[in-house]
1. Considering only B:31, B:320, B:249, whose Cα is most displaced toward the positive end of the charge dipole of chain B, charges sitting on Cβ of Lys, Arg (+1) and Asp, Glu (-1)?
2. If you rank A:202, B:272 by how much accessible surface each has, with a 1.4 Å probe, what is the order from largest down?
3. Multiply the residue separation of residue B:260 and residue B:208 by 0.36 nm, subtract the distance between their alpha-carbon atoms, and state the gained length in nm to one decimal.
4. May I ask for the angle, rounded to the nearest 10°, between helix A:174-185 and the longest principal axis of chain A, with both axes built from Cα atoms and the value confined to 0 to 90°?
5. List the aspartates and glutamates whose alpha-carbon lies under 14 Å from that of residue A:42, not counting same-chain residues fewer than 8 positions away?
6. Go through region B:34-81 and flag every residue whose accessible area shrinks by 10 Å² or more with all protein chains in place compared to the isolated chain (probe 1.4 Å).
7. To one decimal place, what Kirkwood hydrodynamic radius in Å is obtained for region A:171-269 from all pairs of distinct Cα atoms?
8. At 1.4 Å probe size, what's the solvent-accessible area of residue B:101? Round to the nearest 10 Å².
Number of protein chains: 2
Amino acid sequence: MSRLHWIAASIVAVFAAAPAPARADDATLLSQAREIFKPLPKDVGMPDLPLTAPRVELGRMLFFDPRFTIDANISCATCHQPALYGTDGLAKAIGVQQRPHPRNSPTILNSALSIIHWRGDRESVEDQAIKALASPITNGLPDEKAVLDRLARIPGYAPVFKAAFPDDAASMTVQNMAKAIGAYERTLVTPSPFDAYLAGNVNALSPTARAGLEKFISTGCIACHEGTAMGGSMFRKFGVLEDYWKATGSQTIDKGRFDVTNNLDDLYVFRVPSLRNVAMTAPYFHDGSVMALPDAVRIMARVQLGVMLPDADTRVIVAFLESLTGELPPNFGTIPALPAGSVLPAK
Amino acid sequence: MSRLHWIAASIVAVFAAAPAPARADDATLLSQAREIFKPLPKDVGMPDLPLTAPRVELGRMLFFDPRFTIDANISCATCHQPALYGTDGLAKAIGVQQRPHPRNSPTILNSALSIIHWRGDRESVEDQAIKALASPITNGLPDEKAVLDRLARIPGYAPVFKAAFPDDAASMTVQNMAKAIGAYERTLVTPSPFDAYLAGNVNALSPTARAGLEKFISTGCIACHEGTAMGGSMFRKFGVLEDYWKATGSQTIDKGRFDVTNNLDDLYVFRVPSLRNVAMTAPYFHDGSVMALPDAVRIMARVQLGVMLPDADTRVIVAFLESLTGELPPNFGTIPALPAGSVLPAK
């Protein structure tokens, strides 16, 4: 049985077992949860992209360094701020020279566990990083040479690249920048009370949050929000039962993955976002059209599942979602002091 | 004898005692240094602005929160980034909606020890904060009400303000925002190897740095760069012996404090910047016109003191200045996770 079929079957099973569901006992609920969700790993390493300490540290430095973008004032951390849980808090990101980004900045936390970008047009965090370095919106420099020229103006970077990529004859490359940024991002995982719960500590969730978990399962949210990231693993049409923009009040209609594939099956299709830290990462959806989490939950239930969620159910589901908030990773909340160097002459 | 007269007298004394100065012995040099400079205090508290932990923590949160500026994407930390030692690394700051700031962003580190702003048109860090909240360049919101309206959209702030200002009936005010930001900034001091030296550990400075200290004193730099902040305590004309813009290559001529006071004596007058962390805070001068520290040192010697500094002297002075780099304060390098809340509807 495929994973999806299995999930669908378990939803049916829950409904079938309890058509007017009584409160599941704690052991049963935990057991169900363990079938559906998985606790976070300590990092999202890749065999061919080792997360060595020097490589992660270089990536962390580059992540916080604004000096490789056109006006030297935008870094990865501009749209993925630690203070805002790896987001910018905006509906849609603002890039270099005020250039508008077409979609909402998702949190960088746990991002290596998900399909990357709302339309899935990035293969990995490394692919995202290298394309961001070449993007007119997020970077603005004309080419790789211009990026490397900026690096060369900061003498302190050479030994850090050498330590991160000791086997490379020329270690200061845009490819290695992206590998290092990716390695860093693969360490940004945020174990939460819910992970403690999955590990067997039932009281890591409040009774309200446990009621929310039960409701989250029985309502069918788990059809998409499952696994380690509680989402992030599949594409889905946004607005299965109703045009999404009517529910969200979106000012523009984004065709989603269709614009990437030109396949009509992908019209209004987006990646399912991870729900980890969702309580800390407003506003919601690909266009940041919804500001409050309870509204986002109600809209999802309605347009994806055809369920008009009662307020009491919304409340407990939100309490459950709040249990997905983890601690900021120490190497994200703590900023590296960068090698000194001014890169742009005064105008 | 006033402090300035005393400093002038001691410069004369150094020259008089050693017209072709031999290397001062370590005890003599330390003793001279202790007369001229003072080690950093642990903070820059004010009796009427107590640095209580809740007030400092509120200020820290506000410092890193971009949601009170017009597009909700610029915070104090945009121009005063921890990764860049409390600067933005730019010649001149870029404000909200790409609005240009007329001068270079000085580091926020140790700023409470200095005259505030290049032209001294801010009375204190608190005065700077409240004026930044009202500025079209750094904030862009129309008035205090608009700032408070943003605060009100983030429910998590109310208890933090209450804890920071427990005696105020209405604690969420722009005045209290500024007091809290100021309290936080007053804690951002960076003890350095030079402070360890002043405390008596001669080996905290390398022999080269000690030679640089001796040269820094004998060249006359201490006429302005003295005291706790090694600068920051007085105004001086930039370009005593030569128009500054000819030396710096400045593209525009800034009249400095004259534009504040309309007093001809203030033409081209700026505050003397603190030299603490100067090796980490390029580019240099009020307009960021000079990118490299050795060039800045040479220009200062030439246009302020009429000294054509030999390369060997420049090198040892730079080594001394590098000893003024302190550790990032833990509450600056570590970012607070802010209360959740989206403040602007999607467009």
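1. Highest projection toward the positive end goes to B:249.
2. Sorted by accessible area, descending: A:202, B:272.
3. 14.6 nm
4. 40
5. Straight-distance partners of residue A:42: A:185, A:195, A:327.
6. Listed by number, the residues meeting the 10 Å² cut-off are B:64, B:66, B:67, B:71, B:72, B:73, B:81.
7. 17.3
8. Accessible surface of residue B:101 is approximately 50 Å².
The values are calculated or read from the model by the stated rules, or taken from the named source; none is laboratory data. In this text, all values refer to a predicted model and were calculated from it rather than measured experimentally. FYI the Cβ positions are ideal-geometry reconstructions off the backbone, even for glycines, and counts take in every protein chain you see. SASA here: full protein model, heavy atoms, side chains in, ligands and nucleic acids out. Shrake-Rupley method; radii C 1.70, N 1.55, O 1.52, S 1.80 Å.
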